[in-house]
Amino acid sequence: AQSVTQLGSHVSVSEGALVLLRCNYSSSVPPYLFWYVQYPNQGLQLLLKYTSAATLVKGINGFEAEFKKSETSFHLTKPSAHMSDAAEYFCAVSDPNFGNEKLTFGTGTRLTIIP
Amino acid sequence: DAGVTQSPTHLIKTRGQHVTLRCSPISGHKSVSWYQQVLGQGPQFIFQYYEKEERGRGNFPDRFSARQFPNYSSELNVNALLLGDSALYLCASSLHERSSYNSPLHFGNGTRLTVT
């Protein structure tokens with residue numbers, strides 16, 4: 001069974017600083033991996049997805065993530081944090097038998113930006 | 001184009017009652033999936049419906065049921081509500097039954113259910 005683990009339920013960074021949100025996965029087959037963002041009182045918005053085409057994936061709002069098979073990791077980064085990045089971020093892995101309809105999510109990381 | 005719409009946005013129910021949540025997918029999307037997000041946790045898969053048939057079910061009791069209508073909208077029903085059913089219920093739509101990475105899930109803003 002697929003699973004993801006997000007290290008750090010809360011992360012605080014200063015505005016303009018590097019954002020690093022950690023995600024490790026467990027999968028018996030090559031995974032499809034996703035990062036979603038959730039703003040207060042809203043649903044989930046796809047930030048980026050890894051589908052084996054390239055190990056470095058660029059997403060929206062300046063975010064990117066690197067797939068490292070040797071470390072079973074898919075960490076999310078952004079070079080310079082902006083106040084609007086404050087939100088909850090979820091890493092997810094898809095079920096190879098279901099496609100993208102059945103995602104297994106991590107527990108989330110709440111990102112706080114310090115002015 | 002309108003996104004995935006869910007109604008109601010908020011709901012308060014008493015233990016033992018029944019609740020129906022509604023979802024309208026993006027126009028042209030035939031697949032609807034339901035997720036439960038308990039406070040402080042990530043969403044958990046409940047159901048997927050495609051062309052009015054159940055295509056997948058997560059680890060939820062039989063108190064949870066759903067259906068999809070000919071216009072691809074969907075309802076999630078929960079019977080005999082428990083305090084632990086309090087959560088944000090998210091609906092997501094996609095084009096196909098088994099979407100590839102080119103056809104990601106589109107989530108609605110959810111229905112927040114509080115059971116007292």
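Any idea how many Lys pairs in the protein assembly as shown come in under 19 angstrom at the alpha carbon, given 8 or more places apart or on separate chains?
12
Considering only protein heavy atoms, what per residue accessible area in square angstrom results for region B:36-116 with a 1.4 angstrom probe?
Here the per-residue accessible area is 44 Å².
Which percent of the accessible area of region A:18-71 is formed by carbon and sulfur heavy atoms (probe 1.4 angstrom)?
That fraction is 49 percent.
Over all directions, the average projected area of the alpha-carbon convex hull for region A:2-114 comes to how many nm²?
6.6 nm²
Return the sequence-ordered ³J(HN,Hα) values of region B:81-96 in whole Hz as given by the Karplus equation 6.51 cos²θ - 1.76 cosθ + 1.60 applied to θ = phi - 60°, using x for Gly and Pro.
My calculation for region B:81-96 gives 4, 10, 4, x, 7, 4, 5, 9, 9, 9, 10, 9, 10, 8, 5, 10 Hz in order.
For region A:44-87, with every protein chain kept in place, what is the accessible area per residue (1.4 Å probe, Å²)?
Heavy-atom SASA per residue in region A:44-87 reads 51 Å².
Long-range amide H contacts for A:G43: which residues qualify at under 5 Å (H placed 1.01 Å from N, peptide plane, sequence gap of 5 or more or a different chain)?
It is B:N109, by chain and number.
Going by Cα centres, region A:69-109 and region A:4-65 are how many Å apart?
About 3 Å separates the Cα centre of region A:69-109 from the one of region A:4-65.
Counting only residues 5 or more places away or on other chains, whose amide H sits under 5 Å from the amide H of B:K13 once H atoms are built in the peptide plane?
B:T114, B:V115, B:T116
Do any residues of region A:39-80 show a loss of at least 40 square angstrom of accessible area between the isolated chain and the full protein assembly, using a 1.4 Å probe, and if so which?
Listed in order, they are A:G43, A:L44, A:K49.
Before we go on, tell me the buried accessible area for the A/B pair, both chains summed, 1.4 Å probe, in Å² to the nearest 100.
1800 Å²
Output ³J(HN,Hα) for region A:104-110: one whole-Hz value per residue in order, computed from phi by the Karplus curve 6.51 cos²θ - 1.76 cosθ + 1.60 with θ = phi - 60°, and x for Gly and Pro.
Couplings: 9, 9, x, 7, x, 10, 8 Hz.
Can you tell me the Rg and the Dmax, both Å, for the Cα atoms in the protein assembly as shown?
17.5, 50
The values are calculated or read from the model by the stated rules, or taken from the named source; none is laboratory data. Nothing here was measured: the structure is a model prediction, and the numbers come from that model. Please note that ligands, DNA and RNA were not included when accessible areas were found on the heavy atoms of the full protein model with its side chains. Shrake-Rupley method; radii C 1.70, N 1.55, O 1.52, S 1.80 Å.
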